[in-house]
Amino acid sequence: MLRLSHRHAILFSGLVWLLIGVFLIYKGLNYMVMTGDHLRDHYIQGLPLIRFFSSFSKDLNQAALFFICTSLLLGYVKGRFALKKSVYRVVSRITSFPSPVPLSKIYSLGYLVLICSMMGMGMVFKHLPLSVDIKGFIDFTIGAALINGAMLYIREAIKVSKKSFAS
């Protein structure tokens, strides 16, 4: 059975969030490119978010920029404030076990159920009849939040390694 030091277990969790976040950013960017194709063809009717953001701007390029910046800002806020609790909960769980921690003990059953349900929702989300701008906005926002959460894991791993060097 694979065992990881506290630092490596925390880094592993952060790496998982980072990889999923990068995947969602990539997926969201693909949707945003599709949105751009619709804009280039002057087809704004099926893009409710772009229509909303265009009411605050002079042209569609500015609306697209507001769209992306808002998505990044919401992702940052979600990562910094909502996902922070989850990061600290997992880090606390990892450090509660003696080092090295078995890989099977890193996450609680409830956390694994949550992850599986979020993956399931993502699969269902793909097939919902939503416009590409909404899908891109959601994927991009969640991806940005997960990347921000991954950075919190990395900070916690650094703190754990400093504590182990100090002892």
Hits in segment 99-114 - residues which are farther than 8 Å from R3 by Cα and surrounded by fewer than 13 Cβ atoms within 10 Å (Cβ to Cβ): S104, S108, L109, G110, L112, V113
Checked segment 1-20 for anything among the aromatic types (F, W, Y) and open to solvent by 30 Å² or more (accessible area, probe 1.4 Å); matches are F12
Might you let me know whether segment 115-138 holds any residue that is part of a helix (DSSP H, G or I), open to solvent by less than 30 Å² (accessible area, probe 1.4 Å), of a type outside the set (F, W, Y) and under 16 Å from V77 (Cα atoms)? no
Answer with yes or no whether L74 is within 23 Å of Y31 (Cα to Cα), open to solvent by 60 Å² or more (accessible area, probe 1.4 Å) and either at pLDDT 90 or above or not in a helix (DSSP H, G or I) (or both). yes
Is there a residue in segment 72-80 that is closer than 27 Å to F12 by Cα and over 18 Å from the mean Cα position of the chain (by Cα)? no
Taking the options L128, L112, L103, name whichever one is within 19 Å of G21 (Cα to Cα) and modelled with pLDDT of 85 or more. L112
Which of the residues that make up segment 12-38 are among the polar types (S, T, N, Q) and at pLDDT below 90? N30, T35
Scan segment 105-114 and tell me whether some residue there is within 25 Å of T70 (Cα to Cα), outside any loop (DSSP other than H, G, I, E, B) and not β-branched (V, I, T). no
Just a yes or no: is a residue in segment 79-91 within 30 Å of S5 (Cβ to Cβ), without any contact (Cβ under 8 Å) to a residue 60 or more places away in the chain and touching a helix residue (DSSP H, G or I) at 6+ places or on another chain (Cβ under 9 Å)? yes
Criterion violated by P98 - all others in (1) farther than 23 Å from D139 by Cα; (2) under 16 Å from the mean Cα position of the chain (by Cα) satisfied: (2)
Selection from segment 48-64 of residues surrounded by 13 or more Cβ atoms within 10 Å (Cβ to Cβ) and assigned to a helix (DSSP H, G or I) yields P48, L49, I50, R51, F52, F53, S54, L60, Q62, A63, A64
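The values are calculated or read from the model by the stated rules, or taken from the named source; none is laboratory data. These figures come from a predicted structure and were not determined experimentally. As a convention, Cβ positions derive from the backbone with ideal geometry for all residues, glycine included, and neighbour counts pool all protein chains shown. Quick note on the areas: whole protein, heavy atoms, side chains included, nothing else; ligands and nucleic acids left out. Shrake-Rupley method; radii C 1.70, N 1.55, O 1.52, S 1.80 Å.
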